[in-house]
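Input: a single structure, listed below in structure tokens.
The values are calculated or read from the model by the stated rules, or taken from the named source; none is laboratory data. Computed from a prediction, not measured in an experiment: that's the story for all the values here. No Cβ is skipped: glycine too gets one built from the backbone with ideal geometry, and neighbour counts run over all protein chains shown. What goes into the accessible areas is simple: the full protein's heavy atoms, side chains included, and nothing from ligands, DNA or RNA. Shrake-Rupley method; radii C 1.70, N 1.55, O 1.52, S 1.80 Å.
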Amino acid sequence: MTSEDVDTFRTMFMFSPPDHQPAGWSLTFEGFADALRAREADAPTEQWRGVFAGETLSFVCTTAGGGEAEGMASVEPNGVSIDGCTCTEAAEFAHWLQTAVLPRDAPMQVNMTEGVEWELPPIELPRSQEEALRDLLVSRLREILDHEEEHLG
């Protein structure tokens, strides 16, 4: 896969605290929705209860690329996902999570749809600037897609 392909590849990014700290962010729907509305005053949110997902807060936000992305937040366990994003857009969103939503020293891990499908573990995302987060996400996406190509041929 070329660099251009990786730059435009869209997938779901799933952010969470480490597995051994499922409530490590002390995330609340109200706190997340307030932070989202501080970022985007008109961002729609809807809290609902699903059979498999439990209580969830759905939202729509504007991405760094100017498009819209749908996402979900969960409090049990803590986690936030955003769908249909590039690594650049996900890095901007992750940086926003780290600086506007999460407690100051809260660790974060991330996986992508393709990583979950191949049962690959999430990777840690250190608190960092957007460019460094983007580089980590691009590197991880390449690893996942290489793994997929290796196994599918």
- Query: How long is the gain from ASP7 to GLN129 if the chain were fully straight, where each residue apart is worth 0.36 nm and the alpha carbon distance is subtracted?
  - Reply: 42.1 nm
- Query: Name the residues of segment 53-77 whose amide N is less than 11 Å from a point 7 angstrom out from the Cα of ASP19 along the C-beta direction?
  - Reply: none
- Message: In segment 1-114, if the dipole is taken from +1 on Lys/Arg beta carbons and -1 on Asp/Glu beta carbons about the Cα centre, which of ALA38, LEU27, THR113 is farthest to the positive end?
- Response: LEU27
- Note on the structure: Here, ASP146 and GLU46, labelled 7 Å along Cα→Cβ, have an inter-label distance in nm of 4.1 nm
- In terms of modelled amide H atoms, which long-range or inter-chain residues lie less than 5 Å from the amide H of GLY79? SER74
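For n ≥ 4 DSSP H runs only, could you compute -39500 (n - 2.57) per run for the chain, divide by its residues and tell me the 222 nm figure to the nearest 500?
Details: 5 runs with 55 residues, N = 153.
My calculation for the chain gives -11000 deg cm²/dmol from helical runs alone.
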- Note on the structure: Of the accessible area of segment 43-153, computed with a 1.4 Å probe and all protein chains kept, carbon and sulfur make up a percent value of 49 percent
- Message: Given a 10 angstrom Cα cut-off, can you work out which residue in THR88, THR63, THR99 is the most mobile in a GNM of the chain?
- Response: THR99
